[in-house]
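Here the structure comes first, spelled out in structure tokens, and everything after it is commentary.
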Amino acid sequence: MFSKRDLKRLIIPLIFEQILAVLMGMADTVMVASCSEAAVSGVSLIDGINVLLLQLFAALATGGSVVVSQYLGKKDFINAKNSSKQLVFATLFISLLISFACITFRIQIIQLIFGNLDLEVFESAKIYFLITAIGYPFISVFNAGAALFRAIGNAKLSLKCSLMMNATNVVGNAILIYGFNMGVAGAAIATTSSMVLGSVIMLYNLIKQQTAVQIDTITHYRPNFKIIEKIFIIGIPSGLENGMFHVGKLLTAGLIASFGTVAITANAVGNNLSNLACIPEMAIGLAMITVVGRCIGAKEFEQARYYTKYLMKIAFISMVGLNLVMILLLKPILGIYSLSVPTTELALQIMTMYCIGAMFFVVPAFGLPNALRAAGDVKFTMTVSIIVMWACRIGLSYLFSLTFGLGLIGVWLAMIIDWLFRSIFFYARYRGKAWLTKGLV
């Protein structure tokens, strides 16, 4: 169903999009770091919340793209278009509710998750949370549109859109942080402005381009609950899975916050660089949703298995090469963050561990389950992810960091063990046949 040329046209733009997003995120952190380590800490704590919510929106987008991909594989273009419209409006409605709740209760949320923070860190977190929460509805529309265009094999549009968004973010940061000395508020305004731009461009293309995911109009919308149910069958378990994963990160972030500013900042930089280390898996994982979803919709089960294996092989080779290079370049990379010596040393230790673990476990732990989700096998991935996250990511984090006195290193070691167990369960599922029988259309 897919030639090598088709796969290249899908995967290569996704790789560049992920590279762009990560590099711009690094630039964002470096610019904020010029204000103070407290500013970096405050922003990084809220980014943990933001990533949690953005993953929820991404999960709904994934649900929509799986449904659309399966309809396209079935050659049912009418329902593919209907599903596209339902996805955009459903995610917009949910994101508006979440945005309102976060703006209204932002102080209580910060205190509940992170406890008592240093005053400067708390003020930075409060400002950044308020402004970036305004952007949730916009980024949800962008995610939905990007997922729909990927479902038809068009990954170039989201790449071009991401380029403009990230350029807006970096230029905005430079002007507002360096030019107007607005600090954290400037970084938040630039980030939110980029979200607005991305949503406008994506929505315009969804309406104007005559494609299998075209939205004929944004007026006279009526919910189609049968289609929304199909989207939610994938989106809700995926959202719960991603949500619990990031709840685990937030809970460990609260633990890390008790270790002091050095640990918080090293963890923030580590989180930033960890995205760079996982670019191949993230890009190929997104491509897998489209490829496997189309195969399942067409009832080509052996092709679904073949393409999963093929894409996994590419991801493995890419991850090993990238992370070996990163290990060699960690010291000069960390040098761009203007960190203190203790923070730099701690960041170097956790990132070395991370890169070694990522070479072996990230692809089966996070790339492989995308194939299962694309086939509709979301309950299994959700159950495994939640159980392993609580047992390993959270339980072992407290055991290693507090009982064994490993501090931040213990938290990151627990994360790698989490990957190991996910990999075992997901690979065993892939080897069987049950995941191939979960099609939605």
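Laboratory data are not the source of any read-out in this text; all were calculated from the coordinates shown. In this text the structure is predicted, and so the values were computed from the model without any measurement. In this analysis, Cβ positions are derived from the backbone assuming ideal geometry, glycine residues included, and neighbour counts consider all displayed protein chains.
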Please give the per residue volume of the convex hull enclosing the alpha carbon atoms of the chain, rounded to a whole number of Å³.
-> 125
Zero-based 10 Å bins, Cα pair distances in region 1-145, whole percents | 11, 30, 31, 18, 9, 2
Between the alpha-carbon centers of region 96-139 and region 36-54, tell me the distance in whole angstrom.
-> 10
Given the chain, longest segment not containing exposed loop trypsin sites (Lys or Arg not before Pro) (DSSP; at most 15 other Cβ within 10 Å) = 76-298
The ³J(HN,Hα) series, computed from each phi in region 114-121 with the Karplus coefficients 6.51, -1.76 and 1.60 at θ = phi - 60°, rounded to the nearest Hz and given as x for glycine or proline, is 9, x, 7, 9, 4, 4, 5, 5
What's the center-to-center distance, using Cα atoms, between region 170-231 and region 78-95 in Å?
-> 15
Note down the nm distance, to one decimal, between modelled labels 7 Å out along Cα→Cβ at Leu328 and at Ser34.
-> 3.1
Report the normalised scattering of region 135-237 as log10 I(q)/I(0) at q = 0.14, 0.17, 0.22 Å⁻¹, calculated by the Debye formula with identical scatterers on the alpha carbons.
-> -0.65, -0.85, -1.14
If you keep only loop residues by DSSP, which chymotrypsin sites (Phe, Trp or Tyr not before Pro) in region 130-188 have at most 16 other Cβ atoms within 10 Å of their Cβ?
-> Phe180
Which of the pairs Lys156/Lys438; Lys8/Lys74; Lys85/Lys433; Lys126/Lys249; Lys230/Lys438 have their Cα atoms more than 21 Å apart in this structure?
-> Lys156/Lys438; Lys8/Lys74; Lys85/Lys433
